[in-house]
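Notes for the one structure printed next.
Coordinate-derived values only; no laboratory data. Fair warning: this is a prediction, and the values are worked out from it, not measured in the lab. No Cβ is skipped: glycine too gets one built from the backbone with ideal geometry, and neighbour counts run over all protein chains shown.
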Amino acid sequence: MLQKKGVKELEGIFLSHGHKDHAGNLEMLLQEYSVKKLYLSGKDDASYKKTDAKALAKEYDVSVTELAGGENLDLGGAIGEIWLPDKTNYENENNNSVVMRLAYGKTAWYRFYFRWKRSKCLFD
Ligand SMILES: [Zn+2]
């Protein structure tokens, strides 16, 4: 899809967590595109054992931002509000995922990878 749109450069890549189905193609992206930043959870030292994203970023000279939660990132006119769990969950690594509320003007999206019960709590 990126190739069809003629994209050659990526301002940044956000990895929700390090499992293969979310981060498994990171190296392919770093090979194919010029990437400026890689955003990772600074509180997840569990799921990134499956994909060593920091080592890949270093290999491809990509700047790494480890998110702490609570950031409001300026993403070219959109604001990415970052939410992270308070502590690492070693029983279910999916629950360590980065959650981002992306707001552009009056429109906002949530991107998350929590199980439904958990994500529902976020909005109660
Ligand atoms: Zn996962």
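Structure values in brief
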quantity	calculated
The chain, dipole about Cα centre (Lys/Arg Cβ +1, Asp/Glu Cβ -1), debye to the nearest 20	460
Options TYR60, GLY76, TYR90, ranked by Cα towards positive dipole end of segment 9-123, top entry (Cβ charges)	TYR90
Antiparallel DSSP beta bridges within the chain, as percent of all bridges there, nearest 5	60
Placed amide H near TYR39: partners under 5 Å, 5+ positions off or other chain	ILE13, PHE14, LEU15, THR65
Choice from GLY76, GLY42, GLY24 with maximal GNM fluctuation in the chain (Cα, 10 Å cutoff)	GLY76
Stretch gain in nm, segment ALA103-LYS54, where the contour uses 0.36 nm per residue and the Cα spacing is subtracted	14.9 nm
Helical mean residue ellipticity (222 nm; -39500 (n - 2.57) per DSSP H run of 4+; nearest 500) of the chain	-5000 deg cm²/dmol
Sequence-separation-based contact order of the chain, relative, with Cα cut under 8 Å and 6+ spacing, percent	21
Segment 64-106: trypsin sites (Lys or Arg not before Pro) falling in loop per DSSP and having at most 16 other Cβ within 10 Å	LYS87, LYS106
Gyration tensor (alpha-carbon) shape descriptor, the chain, a/c threshold 1.5	oblate
